[in-house]
1. Please pick out the residue among E225, E181, E194 that is within 18 Å of the chain's Cα centre (by Cα) and more than 26 Å from V104 (Cα to Cα).
2. Looking at this structure, is F167 touching a strand residue (DSSP E or B) at 6+ places or on another chain (Cβ under 9 Å), crowded, with 18+ Cβ neighbours inside 10 Å and of a type in the set (F, W, Y)?
3. Which of the residues belonging to the range 131-148 are outside any loop (DSSP other than H, G, I, E, B), closer than 21 Å to E5 by Cα and of a type outside the set (S, T, Y)?
4. Give me a count of the residues in the range 176-196 that are within 23 Å of N217 (Cβ to Cβ) and either out of contact with any helix residue (DSSP H, G or I) (no Cβ under 9 Å at 6 or more places or on another chain) or open to solvent by 30 Å² or more (accessible area, probe 1.4 Å) (or both).
5. Examine the range 40-51 for a residue that is in contact with a strand residue (DSSP E or B) (Cβ under 9 Å, 6 or more places away or on another chain), assigned to a loop (DSSP other than H, G, I, E, B), touching a residue at least 12 places away in the same chain (Cβ under 8 Å) and basic (K, R), and state whether such a residue exists.
6. How many residues does the range 78-137 hold that are among the hydroxyl-bearing types (S, T, Y) and either at pLDDT 95 or above or farther than 28 Å from S161 by Cβ (or both)?
7. Just need a number here: residues in the range 39-69 that are open to solvent by 20 Å² or more (accessible area, probe 1.4 Å) and more than 30 Å from N84 (Cα to Cα).
8. What number of residues within the range 181-222 satisfy the criterion of being in a loop (DSSP other than H, G, I, E, B) and among the small types (G, A, S)?
Amino acid sequence: MNIQEQFKKYDTNNDGFIQPEELKKGLGLEEEEVTKIYKEFDKNSDGKLDFFEFKYMMLKREFDLFDKNNDGKLELNELMEGYNLEEEAAKKIIAKYDTNNDGVLQFCEFKKWKHDVFIKNEFNHYDTNSDGFIQPDELKTGYKLEEDVVTKIYKEFDTNSDGKLDFDEFFKWKVSEEFKELDKNNDGKLDKEEIMAGFRCDEECAKKFIVKYDKDNDGSIDLNEWYGVYKL
């Protein structure tokens, strides 16, 4: 079950949010744990979890589950054991996503890896005719979007104007949606504070992240640089 299906499963009243009672029942949690989750992940304090808040919460629970020594990092053996990976496969994941080169995955690095996996799985899930493209009807039905919203998405991201989204075009759409969510002041850039808040990482991690991906050296990450962060 992918993250979208999980969200829809727990959103029993179909209002586009996960209410505390829905989360409590869906995950079989005690009241105290639910309160703790909303305190940590309900970033706008509206008493409910939107899709991005829910996705982040589920990722953090997964990360904590496999972080056996509770040091806030996934080491090689923890990655191998948690995901039943061969050593070589786990090493390749760390080599690709370990942005600060400390030999382990911190949560912000883990989140980036899982984000890539989510997008691949999501594309395959909504490509219902398995032709390697997302047709307008597939996007509209899969995401329950209005016709004008779908038209706008294709106008912006169907770069070759063939009337469908290939994986690269779909990927850019999904990554741009996350960028907009993280860009709280809507200035078209992610600064250190927005990265810290979005990835829940410390200042040092955010600084290293910017240094690595800030190609124009302006001290922030714009959308094109953000695409580079998630480039496959």
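The values are calculated or read from the model by the stated rules, or taken from the named source; none is laboratory data. What you see is a predicted model; the values in this text were computed from it and never measured. Neighbour counts run over all protein chains shown; Cβ positions are idealised from the backbone, glycine included. When the accessible area is computed, the model is the full protein with side chains, heavy atoms only, and any ligands, DNA or RNA have been set aside. Shrake-Rupley method; radii C 1.70, N 1.55, O 1.52, S 1.80 Å.
1. Working: E225 fails: more than 26 Å from V104 (Cα to Cα); E194 fails: more than 26 Å from V104 (Cα to Cα).
One residue alone meets the criteria, E181.
2. Details: touching a strand residue (DSSP E or B) at 6+ places or on another chain (Cβ under 9 Å): yes; crowded, with 18+ Cβ neighbours inside 10 Å: no; of a type in the set (F, W, Y): yes.
When the stated conditions are applied, F167 does not pass them.
3. Step one: of the range 131-148, the residues outside any loop (DSSP other than H, G, I, E, B) are 134, 136-143, 147-148.
Next, only the ones that are closer than 21 Å to E5 by Cα stay: 134, 136-143.
Scanning the range 131-148 gives I134, P136, D137, E138, L139, K140, G142.
4. Count: 10.
5. Here is the first cut: in the range 40-51, the ones in contact with a strand residue (DSSP E or B) (Cβ under 9 Å, 6 or more places away or on another chain) are 41-42, 48-51.
Going one step further and asking which of them are assigned to a loop (DSSP other than H, G, I, E, B), we end up with 42, 48, 50.
Checking which are touching a residue at least 12 places away in the same chain (Cβ under 8 Å) leaves us with 48, 50.
Going one step further and asking which of them are basic (K, R), we end up with 48.
Yes, the range 40-51 contains at least one residue that is in contact with a strand residue (DSSP E or B) (Cβ under 9 Å, 6 or more places away or on another chain), assigned to a loop (DSSP other than H, G, I, E, B), touching a residue at least 12 places away in the same chain (Cβ under 8 Å) and basic (K, R).
6. Step one: filter the range 78-137 for residues among the hydroxyl-bearing types (S, T, Y), giving 83, 97, 99, 126, 128, 130.
Imposing the further condition that a residue be either at pLDDT 95 or above or farther than 28 Å from S161 by Cβ (or both) reduces the set to 83, 97, 99.
Here the count works out to 3.
7. The first filter runs over the range 39-69 and keeps only residues open to solvent by 20 Å² or more (accessible area, probe 1.4 Å), leaving 39-40, 43-48, 50-52, 55, 58, 60-62, 64-66, 68-69.
This time we only want the ones that are more than 30 Å from N84 (Cα to Cα), so: 39, 43-48, 50.
Residues meeting the conditions: 8.
8. Start the filter on the range 181-222 by keeping residues that are in a loop (DSSP other than H, G, I, E, B), which leaves 183-188, 191, 200-202, 214-220.
From what is left, the residues that are among the small types (G, A, S) are 188, 219-220.
Qualifying residue count for the region: 3.
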